[in-house]
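See structure below.
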Amino acid sequence: MGSPTYGTDKTASAQLAGDLTSAFSVMPKNKEKIDYKPRPELVKPAPGQKELPPPQDSIATASADWPESPEQRRARLRAEATLNQDDPFYQAQIVDDVQTDPAAIKAALKESGSSHPPAWKPADSDKGRAAEVKRRLAEQKQGDPNTRRYLSEPPVQYRAAAATAPVDDLGEDEYKKERRLKREAAAKNKSGGMFDWLPW
């Protein structure tokens, strides 16, 4: 009786040997043939025409969504900004990272009489605004014993400790408790005699 074939025509050892030899072989046994297709014929103008129609515009310039490529737009905006760099009333089309109100900046510049915007000072901040920020931070704090803001928090009645609950009692140290329980279990299982000396 031979070794099992596990539903194949080969034994397990023959399958293993075949797998190992195929893993170390350089060329696969069955090469997949490439499906070569002949190239299409050249496109020639119609008998009455001398030339082919001109090729289409590129997608970047032909599409209404992209009237100019991003590179062309960047170059145009740079050239425009360079041309108007000495003009104080020039409004660039480039959006800044930080949005600012131009009217407020101009009003502040007129008040200060300077060409630079005024620097921020700590005295400029509103004290009422700071109090509002503190109030909102206190609202966001979860676990307030007097209020319940979310359904996931336990009800306020459940947060109050029972009158019989021990207060500030940490209980027995876990290490000491573990040692005590081991001693009690050993004393309980100790039967005495020769079998206590055997390790098994």
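What follows is calculated from the coordinates using simple rules that are stated; it is not laboratory data. Note that the structure is a prediction, hence the values are computed from the model and not measured. Because the Cβ atoms are built from the backbone with ideal geometry, glycine has one as well, and the counts that use them run over all protein chains shown.
Here are some notes:
- Derived scalar couplings between HN and Hα for segment 172-181 equal 6, 5, 4, 5, 5, 5, 5, 5, 5, 5 Hz in order, rounded to whole Hz, by the Karplus curve 6.51 cos²θ - 1.76 cosθ + 1.60 (θ = phi - 60°), x for Gly and Pro.
- Pairs from K10/K33; K10/K31; K110/K134 whose Cα-Cα separation, in the structure shown, is over 30 Å: K110/K134
- When peptides 67-75, 169-177, 36-44 are sorted by average Cβ neighbour count within 10 Å, with the highest value leading, the order is 67-75, 169-177, 36-44.
- Applied to segment 76-91, the Karplus parametrisation 6.51 cos²θ - 1.76 cosθ + 1.60 on θ = phi - 60° returns per-residue 3J(HN,Hα) values of 5, 5, 5, 5, 5, 5, 5, 5, 9, 5, 8, 8, x, 9, 6, 9 Hz, with x for Gly and Pro.
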